[in-house]
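Okay, so here's the structure we're looking at.
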Amino acid sequence: MFSTTDEARNGLDAHEITMNTKILLRMPKDFVLPKDWEPGEVKVVDPEPGSPDVVKEERLADRGYLFATNFGRVLVNGCLPGGLPVYQRAHLQGPPVRHRR
């Protein structure tokens, strides 16, 4: 679980996660959830002794969220203008399209 995107980037730099590792990231209250979002669960890969094996996404008391995603999606969504929903699924399905020059 990461408190900020900078903290997640530090985890990537330290090789604690990859671009595709599922992570829980604390998001602010103005974060726009994906349409039809329902809290899910994330399996903890290397839990500390006494810690749970599964952690749930949730709405927090400060109206923020614990949100499951991966760092690659954090980077892509960070490039989008504010107010747009987060994209959590693969959008390129089917064969690649060739563009003529």
Amide H contacts of THR21 (H built 1.01 Å from N, under 5 Å, at least 5 apart or other chain): PHE71
For segment 1-83: rounded, prolate or oblate by the Cα gyration tensor [a/c cutoff 1.5]: oblate
Distant-in-sequence amide H partners of GLU41 (H built 1.01 Å from N, under 5 Å): GLU57
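Given axes a ≥ b ≥ c from the Cα gyration tensor, I'd like to know whether segment 25-66 is rounded (a/c under 1.5), prolate (a/b larger than b/c) or oblate.
Values: a/c = 3.00, a/b = 1.91, b/c = 1.57.
Prolate.
Read-outs throughout are calculated quantities, based only on the coordinates presented, and are distinct from any laboratory measurement. Owing to the predicted nature of the structure, the values given are computational and were not obtained by experimental measurement.
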